[in-house]
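Okay, structure first, notes after.
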């Protein structure tokens, strides 16, 4: 039986390490919504972004997120593409809520406010 040389042993060890590192999974660890806070004045629309942070430290704008809004007023809305719309009628008023982006079992939120003329 032949023995493996030191150089061959080192090469096999390096190959094993590279194989293990290549098999690691870069997964999402958090989501942030930008801008935060999102401040709108009627009539105004604003494109929100969901930004994912991954386990390797990189960030990426996420495009396939689910957007939800918690607001006591119909003056502010957020559509399925993350476009916030502020429509206040009838004078000066203001409302606030929370917009949430969800993706791959994770979510991130931002405060959103909508103010009318003179606020």
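None of the figures in this text is laboratory data; all of them are computed from the coordinates on show. Computed from a predicted structure; not experimentally measured. Backbone-built Cβ (ideal geometry, glycine too); neighbour counts: all protein chains shown.
List of remarks:
- Once both labels are positioned 7 Å from their Cα atoms along Cα-to-Cβ, the gap between residue 27 and residue 107 label points is 2.0 nm.
- Against the rule of thumb 2.2 N^0.38 Å, how large the Cα Rg of segment 26-115 comes out: 1.14
- Mean separation of Cα contacts under 8 Å, 6 or more apart, over the residue count of segment 60-118: relative contact order %: 35
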